Amino acid sequence: MAKISKFFPYHNDADTDLLFEATLNKLELDELIFLLRVFQRNSQAKQVLAKNLKKIINKKLS
């Protein structure tokens, strides 16, 4: 569980993943590809985001 600040309630990672995926689903394909390229350039933490982006890009292409 993580806490963003004292003004936001605790949340679990599954909720965060669902919210992140729903947000990414609203983006256009070119925006998703741009984000994927940015995330793939850097640290290990961004690999998780890149994995989610790939999943959604594949959904949009199929």
Condition first: surrounded by 13 or more Cβ atoms within 10 Å (Cβ to Cβ) and closer than 20 Å to residue 14 by Cα. Now tell me which residues in the range 31-47 satisfy that. 46
Could you tell me whether the range 4-21 includes any residue that is surrounded by 10 or more Cβ atoms within 10 Å (Cβ to Cβ) and modelled with pLDDT of 85 or more? yes
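The values are calculated or read from the model by the stated rules, or taken from the named source; none is laboratory data. What you are looking at is a predicted structure, and each value in this text was computed from that prediction instead of being measured. Methodologically, a virtual Cβ is constructed for each residue, glycine included, from the backbone with ideal geometry; neighbour enumeration extends over all protein chains shown.
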